[in-house]
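Data block below; observations after.
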Amino acid sequence: MPGLSPSSAALTLTKFSMVNLQENKTMKKIRITQVRSGIGQTLRQKRTLEALGLKKMHYSVEVEATPQILGMCRKVEHLVKVEEI
């Protein structure tokens, strides 16, 4: 990654393999499916589900795998299933 030292570059990686996304010029698409209910979760988690476009259980959306979307997926990883397309 240009402009970052090797140690700080390692800190910016996530389990969704950000390195592969940054090497490609085109963003990969991912399918996000809500597998658990937002009932009983914090308001922040409910709003994250809403921001991802998830409306109800077993609802899926296909989005580009940007760092922002991947970060939101990590915050609600116990409520969603993420698959590469």
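Taking the stretch 14-34 as the search range and keeping residues that are modelled with pLDDT under 80 and hydroxyl-bearing (Ser, Thr, Tyr), which one is surrounded by the fewest Cβ atoms within 10 Å (Cβ to Cβ)?
Across the stretch 14-34, the extreme among qualifying residues is Thr26.
Which one is nearest to Gln34 (Cα to Cα) among residues in the stretch 61-85 that are touching a Leu at 6+ places or on another chain (Cβ under 8 Å) and assigned to a strand (DSSP E or B)?
Val80
Run down Ser37, Ser8 and say which single residue is exposed (fewer than 14 other Cβ atoms within 10 Å of the Cβ) and either modelled with pLDDT under 95 or within 16 Å of the chain's Cα centre (by Cα) (or both). Spell out the reasoning first.
Values: Ser37 fails: either modelled with pLDDT under 95 or within 16 Å of the chain's Cα centre (by Cα) (or both).
Every option except Ser8 fails the conditions.
The values are calculated or read from the model by the stated rules, or taken from the named source; none is laboratory data. Predicted model, so just to flag it, every value in this text is computed and none were measured. Backbone-built Cβ (ideal geometry, glycine too); neighbour counts: all protein chains shown.
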